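As structure tokens, the structure follows; a few thoughts come after it.
The values are calculated or read from the model by the stated rules, or taken from the named source; none is laboratory data. What you are looking at is a predicted structure, and each value in this text was computed from that prediction instead of being measured. Every residue, glycine among them, receives a Cβ derived from its backbone with ideal geometry; neighbour counts consider all protein chains shown.
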Amino acid sequence: MAVKLRELYESIKKFDIELLAGNKGLDNIVRWVHMVESVNLSVFLESHEVAFTTGIGINGDKEFLELVIHTHANNASGMIINIGPYIKSIPHDVIDFCNRNNFPLFQVPWRIHMAEIMREFTYKITVADRMNMELSNAVKNAIFFHDQKSLYVPHLERHAFQAHWPYHLVVIEIIEKKGKKIIGSKKRKEILKCIENYATDINKKTFTFELDKRFVMIFAKYRIEKIEKIVDDIKKKCKILLSENEEIYLCIGYNAKNIKCIGKSYQKALNVLKLQKKKGNHNKVTSYKDLGLYKLLLSIEDNEVIKEYHEENLEALIKFDDLNDTDFVGVLRCYLEFNGSVKEVASKLFYHRNTINYKLKKIEEILQCNLSELNIRLKLIVAFMLLDIK
């Protein structure tokens, strides 16, 4: 749970600090602090840090401006200048640059020790990090040990998350196309920061953590429409960081009526994820509530029942395709998806209509059925849906 510069600024006003420029950037996220006394040192900045300088390594106004420009270019969240023997005043061109780029610039008198401000900042950031860790661990306990309320309810309520609130859970997974493996830890860390930064901007009733190499977002007292919009925005921000070889899946579980039910929401989100990966529906925000008949089928826990139904209705056709190098399974699926329209199937698969009719006749012979009958089509549609979640 990241901290905004605005919050940190409020906590240090007692130090006689003055905001000189870039007030539109006060909602920048801050993750740590860094002393930057020269242009060469600015390259060591990591994203979302506040830079501090006394000016001891700066030679003149021109070099001061260059330092500010480089600090901004290295994605700092803001800059605090110690006015004194090395920097006596802030040049106008520095202030103009910071205002144009919404880069917060502060000054503090020399009598104020920078270490005191840095200590205040790091304390606030550490508290926020600890809060996120406690909330994350509480939700993990709620997911896996829902009957042991003492493991999660007190920790949630300590941070103003009530156990009786409704909760939604979102699972985000990013995989490499080649090999279908989840992205590595370094890239996951970068993506997690991106998600956390966005979440900090929207509301205090949400937080993010990593679980089994996936990203989990918790939303308390949110409407599903709002969640879908937020997750879609997150998708757009994350995609900027992804390569062409990476796919993102975003799945929303069902609405848990209280925190004790969050484990079910997590499991439903994983079911959605499994289905979307099987169907190759990446880059799409998918909610459990929109799965239709799949919701019923996903709730079937007896795999033997699924296997038996699948074998009764499709196994013969699958084996025929394997033995004869035919595409009858694909033709049948397309035929069912287009509600029995031979014309649309022919157009989709680039076949002549007569060829499709011939294939459908052969399919009927193999499966010993009449595809014109509604109940037969329904059975086969369900069989294909079970194949999707198998």
Per-region count, region 58-67, residues buried (at least 16 other Cβ atoms within 10 Å of the Cβ) and assigned to a loop (DSSP other than H, G, I, E, B): 1
Identity of the residue in region 68-93, out of contact with any strand residue (DSSP E or B) (no Cβ under 7 Å at 6 or more places or on another chain) and assigned to a helix (DSSP H, G or I), that ends up surrounded by the fewest Cβ atoms within 10 Å (Cβ to Cβ): HIS92
Condition met for LEU192 (in contact (Cβ under 8 Å) with a residue 12 or more places away in the chain and touching a strand residue (DSSP E or B) at 6+ places or on another chain (Cβ under 8 Å)): yes
Of the criteria (1) at pLDDT 95 or above; (2) buried (at least 17 other Cβ atoms within 10 Å of the Cβ); (3) within 30 Å of PHE209 (Cβ to Cβ), which one ASN102 fails: (2)
Any pair with Cβ under 9 angstrom, 6 or more apart, that starts in region 311-324 at a residue that is touching a residue at least 24 places away in the same chain (Cβ under 8 Å) and ends at one that is among the aromatic types (Phe, Trp, Tyr): ASN313/PHE384; LEU314/PHE384; LEU317/PHE328; PHE320/PHE328
ILE227 being modelled with pLDDT of 90 or more, of a type in the set (Val, Ile, Thr) and not in a helix (DSSP H, G or I): no
Search result, residues across region 10-25 that are farther than 12 Å from ASN102 by Cβ and either touching a strand residue (DSSP E or B) at 6+ places or on another chain (Cβ under 8 Å) or in a loop (DSSP other than H, G, I, E, B) (or both): ILE12, PHE15, ASP16, ILE17, GLU18, LEU19, LEU20
Residue list for region 273-294, restricted to those being free of Cβ contacts under 8 Å to residues at least 24 places away in the same chain and surrounded by 12 or more Cβ atoms within 10 Å (Cβ to Cβ): ASP290, LEU291
Residue that is farthest from ALA115 (Cα to Cα) [pool: residues in region 46-56 that are modelled with pLDDT of 90 or more and assigned to a loop (DSSP other than H, G, I, E, B)]: HIS48
Test: ILE259 is touching a strand residue (DSSP E or B) at 6+ places or on another chain (Cβ under 8 Å), surrounded by fewer than 21 Cβ atoms within 10 Å (Cβ to Cβ) and within 23 Å of PHE161 (Cβ to Cβ): no
